[in-house]
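What follows is a single structure, written as structure tokens, with notes after it.
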Amino acid sequence: MDATRSTLLIIDVQEKLYPACQEPEQIIANVCFLMKCANRLGVPAVVTEQYPKGLGHTAKEIATLLEKPGDTSEGGNVVSKVAFSAIPADGFIEKIEENPGRDQVIVVGMETHVCVLQTVMELIERGREVYVVADAVTSRSMPDKIFGLERMRDAGAKIVTRESVMFEWLRVAGTPEFKELSALIK
């Protein structure tokens, strides 16, 4: 993973959905960790919301870290959708392609076996290099998460952890970025 080639994709971590999923507080914390890393290293983030009218908006902890304060599903970095995959959502592909040369998509969110899976499969079909962050995705049941991850790996996605993303984005120790971001894991 290369920070200059990456986009962070946060799928459907929404007010009414995340409490029903496994380890919701830890997932929110891990997504926020990656958002802080992305913001510090200049990695763009795209956020999706599945049917926000019914499931609410992005968890406030994540929404406050969006690069453009005040983003809503009507614009900015957030894309509203009704299909499980983010690909057909109005404006999604444009957001992903907004920054030329960013062919790697680092994926987090929920649910692993539905919206994450379908989006990842279609991103791979479109030639993207996809990394799914195992400790920043979740489902309502652990078997759904496990088998969703296995299926994505079988399709060509690379399964990683939040720390591996951070350290690969950083590349070297001793920089101001390293000192700032490594403090997040102490």
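For this structure, a couple of remarks:
- For region 133-186, alpha-carbon Rg over 2.2 N^0.38 Å: 1.44
- Per residue, the Cα convex hull of the chain amounts to 104 Å³.
- Kyte-Doolittle mean at least -0.5 and Cα axial length at least 15 Å: DSSP H helices in the chain: 24-41
- Antiparallel bridge percentage (DSSP; both residues within region 6-185; nearest 5): 5 percent
- Computed on region 6-185, with alpha-carbon pairs under 8 angstrom and 6+ residues apart, the relative contact order is 25 percent.
- Fraction of the pair-distance distribution of region 70-166 above 19 Å, Cα-Cα pairs, percent: 41 percent
- For the chain, the longest piece that avoids every one of the GluC sites (Glu not before Pro) found in DSSP loops with at most 13 other C-beta atoms within 10 Å covers 99-186.
- Pairs of Lys residues in region 1-100 that lie 8 or more places apart, or on two chains, and have C-alpha atoms under 17 angstrom apart add up to 9.
- Note on region 1-49 and region 96-110: Cα centroid distance 12 Å, given to the nearest whole angstrom.
- Residue with peak Gaussian network fluctuation, the chain [Cα springs, cutoff 10 Å], from SER139, SER164, SER85: SER164
- Note on the chain: GNM, Cα springs under 10 Å; of VAL116, VAL165, VAL108, the largest mean-square fluctuation is that of VAL165.
- Summing Cβ point charges (Lys, Arg +1; Asp, Glu -1) relative to the Cα centre of the chain gives a dipole of roughly 280 debye.
- When each of MET152, MET142 is scored by the number of other beta-carbon atoms lying within 10 Å, the sequence from fewest to most is MET142, MET152.
- The Cβ shell under 11 Å around VAL133 holds other residues with a net charge of 0, Lys and Arg each +1, Asp and Glu each -1.
Every number here is computed from the coordinates shown, using simple stated rules; none is lab data. The structure presented is a predicted model; accordingly, all values stated were derived computationally and were not measured. Neighbour counts run over all protein chains shown; Cβ positions are idealised from the backbone, glycine included.
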